[in-house]
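In what follows, a single structure is set out as structure tokens and then discussed.
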């Protein structure tokens, strides 16, 4: 079932490629059907998943067994509680992204085919249990994202797409060196076996070097300051649905990689440099928040707020405890839904006004109540309002990190106040005040493919905020296994 889940979107992309080009309505229907089938299959996996059962739905087969190497490369996939949550998030947001893209007119066949291929790449990253296979899926994700930004984006789309590609490939190149050094030192690329081994005493290069080589790719993807500059450009020039996927799931590949690869496989080095990660996390939160306050473009504002909020993920990981790691994992999920909804709302506003400049907007809530309510809910969740999902995740991160990093946690908490400032200020400028005459006759979001994604994301944000234990029950046993590994 897990392999079917991973490759079902590829089958959808192949079907779309065979459709006649003149039937412009068919690609979106096929994409929606395959995205829905993938989401339903992820729910079926969730229904059969035992949180206390470790890695499950494992599918393993020999892939490449060179006689001279002494080890084998394999196709091996499986999920634990952490990866199961992120698989569910990926299928959910991909389905909503297809709906958000319902009115795409430029080359819809290629657009939806690339989007489904992107889903396969991300699902493969979260499910891979062989480090080389993990790297292959990591690279597969690059091409669809580059194409989606460079063809269907706006502004300096080619520049932003190329910048995203170069940053990610630079990090991936370092990660590949680390993977090879780790595999040759341990005699295996099996992630499960690597997670059980002791310290690397006879590594071909120092274990610390391997740790930072692997961390480099994840630091770019998370992103960690100063490797973040590709993100605002990619967000501002990407189409709405691509921004949803970029913020919702691609950034989570960085946090997931740090937990799964750096912390679980090299726990002794992770303990040694955990304080450095906490410092970088605090810098992310504060720097990202101050830069967000200066933005005049609504999409870039949300992009820089992502830099700040992903700092909480890094802070929870640096705590190396069950509460902090649970908060980091939950923050990845809640950030995906909250920021995804913010980008959907910006897309709805841009479709009507054809501008993202905050100075050109005022009083939109009076004439567009649905858009106004949706953006307010997403904004309140982003600033950490209780009863919404953002509050729970950030609270767990702070509870888990304060005992170990008082100063850096206090600085991160200050980021909450800054977030309240830029979110409330943005809502006041965009949604309230005297309405501008040029937007008064434009319609609110009334079409089903506009309302369904907003409603689904709102439900997810409120549900996790009211009853977060449902998600914590899924991830806590896997988090405790990581903590036991770290010691």
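The values are calculated or read from the model by the stated rules, or taken from the named source; none is laboratory data. No experiment lies behind these values; they were computed from the predicted model shown. Neighbour counts are summed over all protein chains in view; Cβ atoms, including those assigned to glycine, are modelled from backbone coordinates with ideal geometry.
Here is a list: 275, 296. Which entry is surrounded by fewer than 21 Cβ atoms within 10 Å (Cβ to Cβ) and farther than 24 Å from residue 401 by Cβ? Of 275, 296, the one residue that is surrounded by fewer than 21 Cβ atoms within 10 Å (Cβ to Cβ) and farther than 24 Å from residue 401 by Cβ is 296. State yes or no: is residue 161 over 22 Å from the mean Cα position of the chain (by Cα), over 23 Å from residue 82 (Cβ atoms) and surrounded by 20 or more Cβ atoms within 10 Å (Cβ to Cβ)? No: the conditions fail for residue 161.
When you scan region 185-199, do you find a residue that is out of contact with any helix residue (DSSP H, G or I) (no Cβ under 7 Å at 6 or more places or on another chain) and either at pLDDT 95 or above or within 30 Å of residue 241 (Cα to Cα) (or both), even just one? Checked region 185-199: no residue is out of contact with any helix residue (DSSP H, G or I) (no Cβ under 7 Å at 6 or more places or on another chain) and either at pLDDT 95 or above or within 30 Å of residue 241 (Cα to Cα) (or both). Counting just the residues of region 75-91 that are closer than 21 Å to residue 180 by Cα and either buried (at least 19 other Cβ atoms within 10 Å of the Cβ) or at pLDDT 95 or above (or both), which one comes out farthest from the chain's Cα centre (by Cα)? Among those that are closer than 21 Å to residue 180 by Cα and either buried (at least 19 other Cβ atoms within 10 Å of the Cβ) or at pLDDT 95 or above (or both), it is 76.
Yes or no, residue by residue, for (1) farther than 21 Å from residue 251 by Cβ; (2) within 14 Å of the chain's Cα centre (by Cα):
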site	(1), (2)
95	no, no
101	no, no
106	yes, no
112	yes, no
115	no, no
123	no, yes
127	no, no
136	no, no
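Within region 270-296, restricting attention to residues that are in contact with a helix residue (DSSP H, G or I) (Cβ under 6 Å, 6 or more places away or on another chain) and not in a helix (DSSP H, G or I), the residue that is farthest from residue 205 (Cα to Cα) is 296. Selection of region 433-487 for residues being over 20 Å from the mean Cα position of the chain (by Cα), within 30 Å of residue 274 (Cα to Cα) and touching a residue at least 60 places away in the same chain (Cβ under 8 Å) yields 473, 477, 480, 481, 482, 483, 485, 486, 487.
Residue 174 - would you say it is surrounded by 16 or more Cβ atoms within 10 Å (Cβ to Cβ), touching a residue at least 60 places away in the same chain (Cβ under 8 Å), assigned to a helix (DSSP H, G or I) and over 19 Å from the mean Cα position of the chain (by Cα)? Judged against the criteria, residue 174 is not a match.
Condition check ((1) surrounded by fewer than 20 Cβ atoms within 10 Å (Cβ to Cβ); (2) without any contact (Cβ under 8 Å) to a residue 40 or more places away in the chain; (3) closer than 21 Å to residue 78 by Cα) across all residues:
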residue: 10; (1), (2), (3): yes, no, yes
residue: 22; (1), (2), (3): yes, yes, no
residue: 36; (1), (2), (3): yes, no, no
residue: 47; (1), (2), (3): yes, yes, yes
residue: 56; (1), (2), (3): yes, yes, yes
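Of all residues in region 280-307, those that are without any contact (Cβ under 8 Å) to a residue 40 or more places away in the chain and farther than 21 Å from residue 431 by Cβ total 1. In the set (1) within 29 Å of residue 97 (Cβ to Cβ); (2) modelled with pLDDT of 95 or more, the condition left unmet by residue 398 is number (1). In the set (1) part of a helix (DSSP H, G or I); (2) touching a residue at least 60 places away in the same chain (Cβ under 8 Å); (3) buried (at least 18 other Cβ atoms within 10 Å of the Cβ), residue 188 fails one condition alone, (1).
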